[in-house]
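Have a look at the structure below before the remarks.
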Amino acid sequence: MTGVTDPLTAISTRRADLLADVERLVRCESPSSDLAAVARSAEVVAAVLRDRLPGDPEVLDVDGCRHVRWRSGPGPTRVLVLAHHDTVWPLGTLDRLPFAIDEAAGTLRGPGTVDMKAGLAQAVHALAVLADDPVGVPDGVTVLVTGDEEIGSTTSRALIEAEALRGAGPGGAATAVLVLEGSGPHGAIKTGRKGTATYHLTVTGRASHAGVAPERGINAVVELAHVVLAVLDTADADRGTTVTPTVVRGGSATNTVPASATVGVDVRCWTIAEQDRVDRDLRAIGATLPGARIEVDGRPNRPPMERAVSADLFTRAQAVAARAGLPVPAECAVGGGSDGNFTAALGVPTLDGLGAAGGGAHADDEHVDLGSLLPRTALLVALLRNLLA
C-alpha cells in the first residue's frame, strides 16, 4: 500500500501517547462488581477512543453494566477487536500498588495493566496507525470493550455474539476476532482456552442436638464429605479436565447436627463434549446417608475455545509477522477463559492473547513487559492491514 509506514516505525512514534493512555485507563479503577466504578471507566474508555480515532464511540448500558463500542463505518463487521475494561481489583488498590513505569527494569506496573488495559490501549493505537494510512481505517472494524469479563460476561455475552455474527463472511460472521488479552509465555498467541463452568452443590440433612440426640439428625457435613469425593471423581487428568471443589460451608452451631452444607465447584475442560459429560456426572451424584438430599445448581458459562477454529488465522498471523520483520509468535493453550471463548464457539476464527507480554495477572506483581509493547502493537497493525486489505 503506497504511503504506508512500516508498522513498528509507525507505532514507535506513538509510544508516549500509548503509555499515557495506559496510565489514564489504569488510574480509573474499575472493579467488576462496582457498577458505578465501571460506569466511570467506560467514560474514560470512550474518551480515549474519541481522542485517538475518528467517529464517536457508543457507551452501552446493559442491566446497569457499561460497555463501549466503536465502529469504523456502518457496514458489516469484518474484524471484531475485543477487550474489557473491568478488573478484579477493589477500589483503593492504586494506593497500595501505584501505576509505575520503570524504564530501567523494562516494566509497567499497576492493577489491571496486563489484564488488560495495556491491550486495550494497544488496540486503540494500532487503529490510530491505520487511521493515518492513506485510506484510513476501512469500513468493517468493530471495537467492543466489555465491562464484566472478569465475572463471566453475563451482560455482555449477547453483545459479543451479536457483533461476531454481524459480518459479511460465511454465515454472516466476521472474518476474524482479535482479543487483546495479555499474551502467553514469551509472547505466545493463545489459540486454545478451556471452557469454564461453576456449580454449587447443596446438601440438605436434618438438624438435631449433637449431645442429646445425634442419632435423630442427618449430618449434612458428613454427606458433603462424600459429595466432595464424588465431585473429584468426575475429573479426567488424561483429557485435561479439572474439577475443583472450592468454597465449603456447613453447619450452624458446634452443638447441632448440621442440617445443610454447600460446596462450590470450578470445572475446566478443553472440549464441549467434556463439559457436557461433567455436567451429567455432577447431576448424577447421589446421597450416601439415608434421608439426605443433594441439589446441583450451575452450568457451563464459557464454552471452550478449540484450536481448530483458530489454526488458519494463527498461521496467517505468523506469516504477517515474518513479512513485517517482527518476532514470529508461537502459540499456546491456557486454562483460563476470555470473551474469545464465545466467538470461537460460534465458529468465528479467533486469536487471543494479542496484547503485550507480562505477568502477575490478578496478583500484586501484575506488570507489562515494556519491551514487548511496541512490537506486539506493530503485529496488530500488520494483521489488521492484512485482514482488511
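The values are calculated or read from the model by the stated rules, or taken from the named source; none is laboratory data. Everything numeric here is computed off the predicted structure, so don't read it as measured data. In this analysis, Cβ positions are derived from the backbone assuming ideal geometry, glycine residues included, and neighbour counts consider all displayed protein chains. All accessible areas refer to the heavy atoms of the entire protein, side chains included, with ligands and DNA or RNA removed. Shrake-Rupley method; radii C 1.70, N 1.55, O 1.52, S 1.80 Å.
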Checklist entry - Can you tell which of 203, 114, 81 shows the greatest fluctuation in a Gaussian network model of the chain with Cα springs below 10 Å? => result 203
Checklist entry - Viscosity 1.002 mPa s, temperature 20 °C: Stokes-Einstein D of the chain from its Kirkwood Cα radius, in µm² per second? => result 96
Item to check | Between segment 219-265 and segment 105-177, the alpha-carbon center distance in angstrom | outcome: 39
Checklist entry - Roughly speaking, what is the stretch gain from residue 34 to residue 297, that is 0.36 nm per residue apart minus the C-alpha to C-alpha distance, in nm to one decimal? => result 92.2 nm
Next on the checklist: Filter the chain for me: DSSP H helices, axial length by Cα at least 18 angstrom, mean Kyte-Doolittle hydropathy not below 0.5. List them by residue number.
Outcome noted: 35-52, 118-132, 220-233, 370-388
Checklist entry - What FRET efficiency comes out for the pair residue 287/residue 236, r = Cβ-Cβ distance, R0 = 30 Å, nearest 0.05? => result 0.80
Checklist entry - Check residue 183: other-chain or 5+ apart residues with amide H under 5 Å from its amide H, H built from backbone geometry? => result 355, 356, 357, 358
Checklist entry - For segment 54-108, what is the accessible area per residue in Å², given a 1.4 Å probe and the full set of protein chains? => result 45
Checklist entry - Within the accessible area of the chain, what % is carbon and sulfur when the probe is 1.4 Å and the other protein chains stay in place? => result 53
Item to check | Three-way shape label, segment 299-389, alpha-carbon gyration tensor, a/c 1.5 | outcome: oblate
Next on the checklist: Only four residue types carry charge here, +1 at the Cβ of Lys and Arg and -1 at the Cβ of Asp and Glu. Report the dipole size of the chain about the Cα centre in Debye, rounded to the nearest 20.
Outcome noted: 480
Checklist entry - Based only on Cα atoms, what Rg/Rh ratio does segment 271-346 have, Rh being taken as Kirkwood's radius? => result 1.25
Checklist outcome for this item: Check: C-alpha center segment 1-44 vs C-alpha center segment 310-389, spacing in Å is 17
Checklist entry - Of all DSSP beta bridges in the chain, what percent run antiparallel (nearest 5)? => result 75
